Each structure stands twice: as C-alpha cells, then as structure tokens.
Amino acid sequence: MDVYRRLNQQDAAQLAEAALARAFDQSVVLSAVEPLTGGSRRNLVLRAVASIGETAVSIIIKTTCSSDYAPNNPESFANSGLIKEWTARELLKQCVGHQSSALLAGDAEHGLIMFEDLGSNLISLDVSLLNDLPEEAETGLIEYARSLGRLHAATVGCASRHAAILRERFPRASMPLSAGSDWLSETIPAVDGLTLPEEEVEFIRSRLAHPNQWQALVHGDSCPDNVLFKSGKACLLDFEFSSPGHMLLDAVYWHIGFPTCWCAGTVPEALVGRLDAAYRRELENVLPEIADDRLFLSEMAIIHVARTLFS
C-alpha cells in the first residue's frame, strides 16, 4: 500500500476555497497558487492569495498526503500530524498575546488547513546556524529560546482547552496522553554500560505523565528549520508533533543538540545558560517557579534523562 495518497494541486485549492467560504460566510477566490513542497512528502503545502470579499490575503494551504488519514478513527490524533497541527493552531488562536500565523479554516473530511502566510524569502534558524556567522547565529538562538518561552507562557495548563478543541473538531478522537508519557514504556537500554534503577525510571515516567505546573503546549519538533524570522521575531512552524506535556521537552533542545533535526549539532556550553535565561524570563510572570534555579535545574535534569533514553 502506498504511504502517501496522490493529491492534485487544483483539487486542494478548490477544497481550500470552499472551506474558507464556509468559515467566512462569503465568496472566496484563490489566485497565484504555487507549491511549496514537491515529490513524495507527507504534506502538500501551497501558497496562494485568497480574495475574501474585498480583502486579499496571502495564505498557506496544508493538506495531508497520508494514505491512512482517518478523521473519524479514535486514534486519529495519535496518527495524524495534520490533526495535531490543527488543534495546536486553534489553541494558539485563542491565546491572547501569542504571535502565530492565524488559523483561518480547515476541512476535517479531506484533511487540510489554511493559515496566514508569514511571507516569502524569510530566513530560517538553520541557515544562521550553518553559515559562518556566529553573532547572527547567537542572536537567532536567543530569540528562538524566547519564542519557545512565549509559546509555553501562553499555554500553561492548556490540557483542558486543548481537549475541548479536539473534541469539537474531531469528536471521535481519543484524548492525547501527556507528551512523552509513553516514551519509556519499553525496556530501557543500558547507556555506556550503565542501567538506570527502575525506581528512577518510574519517577521520570511519572513526571512526563503528570507535569503539573510545568504543563504547556509542547511543540515536539522545535528544530532550527521550523523557525522563521520575521521583523526580528522567531516564529515557530510545523506543529505536527504538538500536544500538551512537560514544557521542558522543548527547552531541552539546545542542551542536547536538537535531537529530532537533520541539522543536529552542539550549542557552545557558554551559550546554553544564556538561552535558558532568555527562555525563563518569558515565563516568570505565569510560572514563578521557573526563576528558582534549584527547581529549574532539577526539572531539566529529569527531561535530559528522558530525552536521552528515548533518543
């Protein structure tokens, strides 16, 4: 069986027009449609100009190409990146003060969403990191850490809101487990010949399943190529691995070299502390505990081990 279904660009655009017309309750015409992806990819992504009444806006159309996309299946959230992204973007749309490309409409049956286009010719963080421009890379990383802090500050304690959105859009979907709570469900391998005591593994499992005050929307794939810079602000893309969970699952990324990324690499140790500080400052007003060095380092150590063992 094919992993991906074949999608026609014209059909996707027509479905997007119809979905936008339903959402805005007026006629919509798409023009200047162009593909942003090619080949056998899990998504067909298009850029287009949407004329909504008398207003023209540049949009992104994202359609799943997964052949097993099944929005009425109880496992639809677990299995579909598009449903994860739809739910995350709907949640962020409701968060006052969070900067994100706004979700405009969606079509659950056919598996597509539309959201505002950040713009073309924007630089992503991986470009800054891979070029020989250390000052630009450092500035970009600090703003990236801030962007994750803003994401988590806006979504602290979001599990019930996230569940309500998912239930409304995909009523048959099972509610997601806390992000990472199933990571250590299998036998834990030895690392450098050392085996972690089972009681310590169980403690880490418990923190992942019940993050308590550390719960927020976890991006889940906060890689440098999923970060675009617009007017000096870092904007996160691709929420296909997002769900509520322990927020430090994202913040650990610069500690351990971006483990889900094609451009994985080590951040200089002297810079890691500055990234932590930038991230923590964004959260102090909503999560005062994060200003406590002992508590922060303790939680970060737990997530370090969880991420290392899972990876």
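The values are calculated or read from the model by the stated rules, or taken from the named source; none is laboratory data. As the structure is a prediction and not an experimental result, all values here were calculated from the model. Cβ placement follows ideal geometry from the backbone for every residue including glycine, while neighbour counts extend to all protein chains displayed. The accessibility values were calculated without ligands, DNA or RNA, using every heavy atom of the protein model including side chains. Shrake-Rupley method; radii C 1.70, N 1.55, O 1.52, S 1.80 Å.
In terms of the Cα gyration tensor, with a ≥ b ≥ c the square roots of its eigenvalues, is segment 238-279 rounded because a/c is under 1.5, prolate because a/b exceeds b/c, or oblate? Show your work: numbers first, answer last.
On the way: a/c = 2.79, a/b = 1.36, b/c = 2.05.
Because a/c hits 1.5 or more and a/b fails to exceed b/c, segment 238-279 counts as oblate.
Which order do the peptides 54-65, 180-191 take when ranked by the mean count of other beta-carbon atoms within 10 Å per residue, highest first?
Averaged packing, sorted descending, gives the order 54-65, 180-191.
Sequence neighbours fewer than 8 away in the same chain don't count; with that in mind, list the lysines whose C-alpha is under 22 Å from Lys84.
Lys62, Lys93
Compute the distance from the alpha-carbon center of segment 132-167 to that of segment 229-262, in whole Å.
7
Based on the alpha-carbon gyration tensor of the chain, what equivalent-ellipsoid semi-axes (square roots of 5 times the eigenvalues) come out, in whole Å, largest first?
Result for the chain: semi-axes of 33, 23, 19 Å.
Let me check I've understood the local charge: for Ser31, count other residues with C-beta under 13 angstrom from its C-beta, Lys and Arg +1, Asp and Glu -1. What total comes out?
-1
Based on the alpha carbons, how large is the Rg to Rh ratio for segment 176-296 when Rh follows Kirkwood?
Reported Rg/Rh, Kirkwood definition of Rh: 0.97.
Rg to Rh for segment 183-253: what is it, with Cα atoms only and Rh by Kirkwood? Please list the in-between numbers first.
Numbers: Rg = 15.6 Å, Rh = 14.3 Å.
Value, to two decimals: 1.09.
Any idea what log10 I(q)/I(0) is at q = 0.19, 0.20, 0.24 Å⁻¹ for segment 227-300, Debye with uniform C-alpha scatterers and no solvent?
Debye intensities relative to I(0), on a log10 scale: -1.01, -1.12, -1.43.
Report the local net charge at Phe296: Lys and Arg +1, Asp and Glu -1, summed over other residues whose C-beta lies under 9 Å from its C-beta.
Net of charged neighbours comes to -3.
How compact is segment 29-139 by the rule of thumb for globular proteins, expressed as Cα Rg over 2.2 N^0.38 Å?
My calculation over the Cα atoms of segment 29-139 gives 1.24.
Full extension from Glu289 to Arg169: what is 0.36 nm times the residue separation minus their Cα-Cα distance, to one decimal in nm?
39.8 nm
Around Ala179, which amide H atoms from residues at least 5 apart in sequence, or from another chain, sit under 5 Å from its own amide H, with H modelled in the peptide plane?
Here the answer is Gly245, His246, since their amide H atoms fall under 5 Å of that of Ala179.
Got a sec? What order do Ser76, Ser231 fall in by accessible area at 1.4 Å, biggest, i.e. largest, first?
The ranking, largest first, comes out as Ser231, Ser76.
Please give the length that would be gained between Arg274 and Glu186 if that part of the chain were fully extended, namely 0.36 nm times their separation in residues minus their C-alpha to C-alpha distance (nm, one decimal).
Length difference between fully extended and current span is 28.2 nm.
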